[in-house]
1. Give just the number: which of (1) within 13 Å of the chain's Cα centre (by Cα); (2) modelled with pLDDT of 80 or more does residue 46 not satisfy?
2. For the range 1-21, enumerate the residues that are more than 24 Å from residue 37 (Cα to Cα) and in a helix (DSSP H, G or I).
3. Which of the residues belonging to the range 24-40 are loosely packed, with under 13 Cβ neighbours inside 10 Å and either outside any loop (DSSP other than H, G, I, E, B) or among the hydrophobic types (A, V, I, L, M, F, W, C) (or both)?
4. Step by step: first the residues of the range 41-69, then only those that are among the aromatic types (Phe, Trp, Tyr) and in a helix (DSSP H, G or I), then the one that is farthest from residue 18 (Cα to Cα). Which residue is that?
Amino acid sequence: MKTYDLPKRLAQQAMREVDKVLRDQHALGQFDNGDPNHPMYNAGINYTTGLPFSIFGYETSEFLGKQYK
């Protein structure tokens, strides 16, 4: 594994940008397989909404939309 010796300012900027990208993806319910916040590692719960990732095989928003028509 190669490491880089970046100036502190650039390292902090890179971490802020990556954190923003991940938070934006999580807000949309998009998770990478290796993401520790992925619902498959969190007992099926989407940590951003606190709701189950799926209910009876449907995505939560789709199921709730059908139930409350």
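The values are calculated or read from the model by the stated rules, or taken from the named source; none is laboratory data. What you are looking at is a predicted structure, and each value in this text was computed from that prediction instead of being measured. Glycine gets a Cβ as well: all are built from the backbone with ideal geometry, and neighbour counts include every protein chain shown.
1. (2)
2. The answer is 8, 9, 10.
3. 24, 27, 28, 40
4. 63
Table: residues versus (1) of a type outside the set (Phe, Trp, Tyr); (2) at pLDDT below 75.
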| position | (1), (2) |
| --- | --- |
| 2 | yes, yes |
| 15 | yes, no |
| 25 | yes, no |
| 50 | yes, no |
| 58 | no, no |
| 61 | yes, no |
| 68 | no, no |
